[in-house]
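Undergrad: Have a look at this one.
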Amino acid sequence: MTTLAIPISFVFLGRSRAGADRIAFAARIKHERTDSGANAVYAIQRQAWLIERARTDGRVEVASTCAELSVAPETIRRDLNELERQGLLRRVHGGAVPIERLGFEGNIKRRAARHQTEKARIAHAALPLLGNADSIYLDEGSTVQVFAEALHVEHRLTVVTNSLLSASVLAARPQVTVMLLGGRVRSKTLGTLDHWAAGMLADLVIDLAVMGANGVSVERGLTCPGPAVAAVKRAACGAARRRILLADRTKLGADSFVRYARLRDLEAIVTDRGAEATHVRAIRDAGVDVILA
């Protein structure tokens, strides 16, 4: 009988080491064989691998994991169900997301480091949607921040934002007037919130809102971790004539804690080409354009 001796603590290693361990584990499990007495050991190791994958990539997919580990879909679904029971993952259609999505977010530096290439493509693909807008709202969040960095206009443009990061990027650009919403600053995103921010938006009419989200699905719409964050996002959507969402593939099919908008409120979603086809098809069937960058 051959068993694997991979320490469970590898879940908490840095991204580069964890990625190497993950690849090594996938390669070994394809060639190792075990009898029923070793299944419990393999289950623990698989589950540790699944947690690390979800935390590193933002989600774990049943189909791709089955191919990578050469195990049956029922096995992975059983593992994911057990991890959800333990409060470590949250099951979504086709896979699972880390439980952190439901209650808190990583800091802006860590989230900005994820999927950098995809976020850059999303930002540039979204620029033409600006159209003839004279005023836009930029939401907080790492993908919208990349959009702000890519935003260079030749006409006068008023940018309303609750993001200190986006405001600092755009304030020096000669054609841009920045209006920064007041309020309490979130340490995780450097975005303002609470009634000060929402109150300022109540009297504005904005041509286009460029939004972010922690999750988007046909069933539950656009979601984020808490009611204070949702209130500002909801006010921004209400102030805007048009609304688009910038979201990498890990956000599609995922749900967070509080809904701030319905899917039908959007004109388009811009995501990356790695988005799962079933999610893209469901959103398009609901009448919302999906642009794959």
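Undergrad: Could you tell me the calculated FRET efficiency between Ala286 and Ala171, based on Cβ-Cβ distance and R0 = 41 angstrom, to the nearest 0.05?
TA: 0.65
Undergrad: A follow-up question, please. Which three lengths, in whole Å and largest first, does segment 126-182 cover when its Cα atoms are put on their principal axes?
TA: 25, 20, 15
Undergrad: Moving to a separate point now. For a quick protection proxy, order the peptides 239-251, 180-192 by their average other-Cβ count within 10 Å, most packed first.
TA: Most protected by this proxy first, the peptides run 239-251, 180-192.
Undergrad: May I ask you to order 121-128, 228-235 by the average number of other C-beta atoms within 10 Å around their residues, highest value first?
TA: Taking the mean over residues of other Cβ atoms within 10 Å, the ranking is 228-235, 121-128.
Undergrad: Now for a different question. Taking the Cβ of each residue in Trp49, Trp196 as the centre, tally the other Cβ atoms inside 10 Å and list the residues starting with the fewest.
TA: Placing the least packed residue first, the sequence is Trp196, Trp49.
Undergrad: A further question follows. Taking the alpha-carbon distance from Lys188 and a cut-off under 18 Å, which aspartates and glutamates remain once sequence neighbours fewer than 8 residues away in the same chain are dropped?
TA: Hits, sequence-local ones excluded: Glu100, Glu105, Asp139, Glu140.
Undergrad: Under a crude label model (7 Å from the Cα following the beta-carbon direction), how far is Val185 from Asn81 in nanometres?
TA: 4.8
Undergrad: While we're here: Mind computing the radius of gyration and Dmax over the alpha-carbon atoms of segment 129-272? Å is fine for both.
TA: My reading of the Cα-based Rg and Dmax gives 13.9, 42 Å.
Each value in this text was obtained by applying a stated rule to the coordinates, not by laboratory testing. These numbers were taken from a predicted model, which means no experiment stands behind them. Cβ coordinates were reconstructed from backbone atoms using ideal geometry, including for glycine residues, and neighbour counts include every protein chain displayed.
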